[in-house]
Every structure is written in structure tokens, then in C-alpha cells.
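**Student:** Okay, here's the structure, questions in a sec.
Quick note: the coordinates plus some simple rules give every number you see, no bench work behind them. All values reported here derive from a predicted model rather than from experimental measurement. Here Cβ is always computed from backbone atoms with ideal geometry, including for glycine, and neighbour counts include all displayed protein chains.
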Amino acid sequence: MQKVTIQGLVRKKTEGKRISALTAYDFPTAAIVDEAGVDIILVGDSLGVVVQGLDNTLPVTMDEMLYHTRIVARAAKRAMVLGDMPFLSYQVSVGEAVRNAGRFLQVGAQGVKIEGGANVLPVIKELVNFDIPVMAHIGITPQSIHRHGGYKVQGRDEAAAQRLVDEAKMVEDSGAFSLVVEGVPVELARKITESVSIPTIGIGGGPHCDGQILVIHDLLGLFDRFVPKFVKRYANLKETSVDAIRQYIAEVESGEFPGAEQSYT
């Protein structure tokens, strides 16, 4: 089983082949996602919302991200594993960013993801200078929700759209190997994708990006506090799980479980 590489992802873009990416936060989920054949597993700071029950990603710490990245990396045999740099892990100083990004590689990640465009160019350049692969992230950037006033589609007017195109080119020039494009109009995502030679990974960017990413809990129907427009549910494991647990409870209460097959003699 050949490990996914940066060169392989770039080749996919060149050949017009789509890239698949999903989040994962634990060993069994990562093992399932990897076995299914996904190209990229992102250990996203979205774990703060879908695993920890927080309202946003801002409280997630480096130690928490490293813990989850370590156990995901143990499971991933083929997929590229990327660690999502949490709030304040790269904003304080470039030196601090290098140190924290390097810690992700030490626990098994093959690279890191950083939110931001023009404001994080020095960080991207320095990380790449120290051989730390970087996936950039523009459009809706969840760590900037207070500045944006919530999770709002970005780039709707001409000036904002051009700014995002310019930022995409900037992060490419700074050395990023790929780019998440989140929550932008379809035609803008197409223009961004055509403007750069690195793969674009869409989430709420429409079908013209080079790849797509979803949060695994959204895809499997395990999270329903809110469901963004761009999410497609491929299963409803929450409903399946509740039904299974209710059956267990009923069998415990009736004495049906454990039966002879589950008992030692």
C-alpha cells in the first residue's frame, strides 16, 4: 500500500483526478477512513465542536491536537495525515509556529494546516524553509469567527473575491503545497482553482475544486447540532446507534442478555 505524498496529490491535479479528504480524531475512525481509501486525513481543530462539545474551535489546545494526531497517525497506513494548528499555536511568533508545527511531525503527521492568507505568509515561508509541509486555508476560517461575525460565506463582492484569488496565489508562492477553500461562491472557487498550480480542497466551495473535505461526524450523521448547507450525509449512524443501544437496554432489563452464548461455563 503506497503512502499518499505531496507529489502524488499535485499529480492528481495535473491529471484532473479528484482528491478525497476527511477528518478523523481517534484510532478506530482513522483506521476505517484509511481502509476506505481516502487520500488525506485531517486531524482538525473541529474536534473542539464535534468531539468536545464546544461552541467553536478557539479553546482547543496544542496538547489536545497532538494527542489526537498521535493516535490517528498510528492508524493511517496509506492516507496523508495533517495536523490542524489550533488558535494561538502560530500567531504569537514565527519561532513559536515552527516549534509547534514541528511537534505535529514528531507525533506522526506529514504536515500541518494553517488558517489565513496574507497574514500568515511569513509563517508559511518559515515552516516550508524548515521542511514542514503546509496546507493553507482561506475563505471561511473558523478561528476568525469573531472578525467575520460568524460562519458567513466569503468573497461575495468583487473586491473580496479578488482578494481571495490574490491570497491563494500568495500562499502558493510562499510554499504551501495545497489550499483549503471554505465557504465561497462556486465560480470564485473555480477561479481560485484555476489560478494556482497547487491542489485546492473545497468545503462549501462547490464542485470545481481539485478535491473535497468533510468532517467525518457530518458525513456519518453523528453530529446534528447544526448542519451546514455544504454537508451531505451518507449515513445516519446516530439513529442506528440509538436503536442498537435501546435494544441492549431492553434485553438487559428483560434478562435476555447475556445469554448462553455470552456466558462462560
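Rundown of residues vs (1) touching a residue at least 12 places away in the same chain (Cβ under 8 Å); (2) under 20 Å from the mean Cα position of the chain (by Cα), yes/no style:
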{"residue": "ALA79", "(1), (2)": "yes, yes"}
{"residue": "ASP84", "(1), (2)": "yes, yes"}
{"residue": "GLN91", "(1), (2)": "no, yes"}
{"residue": "GLU96", "(1), (2)": "no, no"}
{"residue": "ARG99", "(1), (2)": "no, no"}
{"residue": "VAL107", "(1), (2)": "yes, yes"}
{"residue": "GLN154", "(1), (2)": "yes, yes"}
{"residue": "ASP157", "(1), (2)": "no, no"}
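**Student:** Please work out which one of (1) crowded, with 16+ Cβ neighbours inside 10 Å; (2) in contact with a strand residue (DSSP E or B) (Cβ under 6 Å, 6 or more places away or on another chain) is the condition ARG18 fails and give its number.
**Tutor:** Only one criterion is unmet by ARG18, namely (1).
**Student:** Moving on. From the set of residues in segment 137-156 that are more than 15 Å from ASP45 (Cβ to Cβ) and hydrophobic (A, V, I, L, M, F, W, C), which is surrounded by the most Cβ atoms within 10 Å (Cβ to Cβ)?
**Tutor:** Only one residue tops the list, namely ILE138.
**Student:** Still on this structure: How many residues does segment 50-67 hold that are under 13 Å from the mean Cα position of the chain (by Cα) and surrounded by fewer than 24 Cβ atoms within 10 Å (Cβ to Cβ)?
**Tutor:** Let us first name the residues in segment 50-67 that are under 13 Å from the mean Cα position of the chain (by Cα), namely 50, 57, 65.
With the extra rule that they be surrounded by fewer than 24 Cβ atoms within 10 Å (Cβ to Cβ), the set shrinks to 50, 57.
Number of matching residues: 2.
**Student:** Something else: Limited to segment 87-143, what total is found for residues that are outside any strand (DSSP E or B) and in contact with a Pro (Cβ under 7 Å, 6 or more places away or on another chain)?
**Tutor:** Residues flagged as outside any strand (DSSP E or B) and in contact with a Pro (Cβ under 7 Å, 6 or more places away or on another chain) within segment 87-143 amount to 2.
**Student:** If you don't mind, there's one more thing I want to ask. How many of the residues making up segment 34-81 are closer than 19 Å to GLU96 by Cβ, hydrophobic (A, V, I, L, M, F, W, C), out of contact with any helix residue (DSSP H, G or I) (no Cβ under 6 Å at 6 or more places or on another chain) and part of a loop (DSSP other than H, G, I, E, B)?
**Tutor:** 1
**Student:** Here's another thing I want to ask about it. What's the number of the condition SER197 fails, among (1) over 19 Å from GLY53 (Cα atoms); (2) of a type outside the set (Asp, Glu); (3) free of Cβ contacts under 8 Å to residues at least 24 places away in the same chain; (4) surrounded by fewer than 19 Cβ atoms within 10 Å (Cβ to Cβ)?
**Tutor:** It fails just one condition, (3).
**Student:** Find all pairs meeting these conditions: Cβ atoms under 8 angstrom apart; at least six residues apart or on different chains; first residue within segment 1-30 and more than 14 Å from ASP210 (Cα to Cα); second residue among the acidic types (Asp, Glu) and buried (at least 18 other Cβ atoms within 10 Å of the Cβ).
**Tutor:** From residues that are more than 14 Å from ASP210 (Cα to Cα), the pairs are VAL4/ASP39.
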